[in-house]
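Report on the structure given below.
Computed from the coordinates by the stated procedures, all read-outs in this text should not be read as laboratory data. Note that the coordinates shown come from a computational prediction; the quantities given were computed from them, not determined experimentally. Here the Cβ positions follow ideal geometry from the backbone for every residue, glycine too, while neighbour counts run over all protein chains shown.
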Amino acid sequence: MIIVQDKLVSDELVEEHFICNLSACKGACCWEGDSGAPLEEAELPILDSIFEQIKPFLSPAGIQAIEEQGKYRWFENADEYGTTLVDNGPCAYMTLSANGTAQCGIEAAYRAGVIDFQKPISCHLYPIRVEKNEELGFEALNYHEWDICSAACELGRKEQMPVYRFLEAAIVRKYGQEFYDELDGAAEFLKG
């Protein structure tokens, strides 16, 4: 475990390799799993406020699920809020490209300049999962290993891309450049 600022960072973020390989997995993380993408409490009002702007970027099934269930849901099994699901399957904010690859409707709206919220930070950070213990006052960044990402791990090993380096932009978005630079420095020190 590495301590960066006041965060616990799993050694796996430095030791494991990862480059998202959408041509292999087709974005399966957007439709697999038992709950929606984890949401931070600060993201809930954002999803409430941007829905009308992102609606044109969503599928009819996604729009229907959101209108029936809400812009997000509480998932008992995960003990957290997550994105709404279509029939307990794909994320309601997911769309499919012509070749069947998952795309985020929120991110499509962001790229089109319609909104200034890129996507939920848990999606941007994946395969990093952030665990918070508010009673003890700490936050841990852990590597989430999932068999659907085996092609990403293989590509990351081939290119020698550590998880944290692949996710530099997401880490900087969440924690700032100084945090990333300290993590990078600690990783370089550990490589010795």
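Relative contact order (percent) for the chain, with alpha-carbon contacts under 8 angstrom and 6 or more residues of separation?
Reported relative contact order: 32 percent.
What net charge do the residues around residue 44 carry, taking every other residue with its C-beta under 13 Å from that of residue 44, with Lys and Arg at +1 and Asp and Glu at -1?
Net charge around residue 44: -3.
Once you've got the Cα coordinates, tell me which of 26/132; 26/191; 26/55; 55/158; 7/119 are over 27 Å apart.
The answer is 26/132; 26/191; 55/158.
In degrees, nearest 10, range 0 to 90: what is the angle between the Cα axis of helix 43-54 and the longest Cα principal axis of the chain?
The helix 43-54 is inclined about 50 degrees to the chain.
Of 190, 146, 9, which is farthest on the positive side of the dipole of the chain, counting Cα position, with +1 on Lys and Arg Cβ, -1 on Asp and Glu Cβ, and the Cα centre as origin?
146
To the nearest 20 debye, what is the magnitude of the charge dipole of segment 69-192 about its Cα centre, counting +1 on the Cβ of each Lys and Arg and -1 on the Cβ of each Asp and Glu?
The calculated dipole for segment 69-192 is roughly 500 debye.
At 7 Å along Cα-to-Cβ for each site, give me the label-to-label distance between residue 151 and residue 136 in nm.
Inter-label distance under the simple model: 3.7 nm.
Once amide H atoms are placed 1.01 Å from N in the peptide plane, what residues at a sequence separation of 5 or more from residue 80, or on another chain, have their amide H within under 5 Å of its amide H?
75
In degrees from 0 to 90, rounded to the nearest 10, what is the angle of the helix 177-191 Cα long axis to the longest principal axis of the chain?
Once rounded, the angle reads 50 degrees.
Once R0 is set to 25 Å, what does the formula 1/(1 + (r/R0)^6) return for the Cβ-Cβ distance between residue 88 and residue 111, expressed as a FRET efficiency to the nearest 0.05?
0.30
Could you give the length gained by full extension between residue 6 and residue 129, i.e. 0.36 nm per residue of separation minus their alpha carbon distance, to one decimal place?
Difference between extended and current length: 42.6 nm.
Between 136, 96, 47, where does the largest GNM mean-square fluctuation fall for the chain, given springs only between Cα atoms within less than 10 Å?
136
Tell me, in nm to one decimal, what length is gained between residue 144 and residue 15 on full extension, where the rule is 0.36 nm per residue of separation less the Cα-Cα distance?
Gain in length upon complete extension: 45.1 nm.
Can you classify segment 35-117 as rounded, prolate or oblate using the Cα gyration tensor, where a ≥ b ≥ c are the square roots of its eigenvalues, rounded means a/c under 1.5, and otherwise it's prolate if a/b beats b/c and oblate if not?
It comes out oblate by the Cα gyration axes.
How do the peptides 108-117, 149-158 rank, highest first, by the average count of neighbouring beta carbon atoms within 10 Å per residue?
So the order, starting with the most tightly packed, is 149-158, 108-117.
Where the only charges are on Cβ atoms (+1 Lys, Arg; -1 Asp, Glu), what is the dipole of segment 35-117 about its Cα centre, to the nearest 20 debye?
Dipole about the Cα centre, nearest 20: 400 debye.
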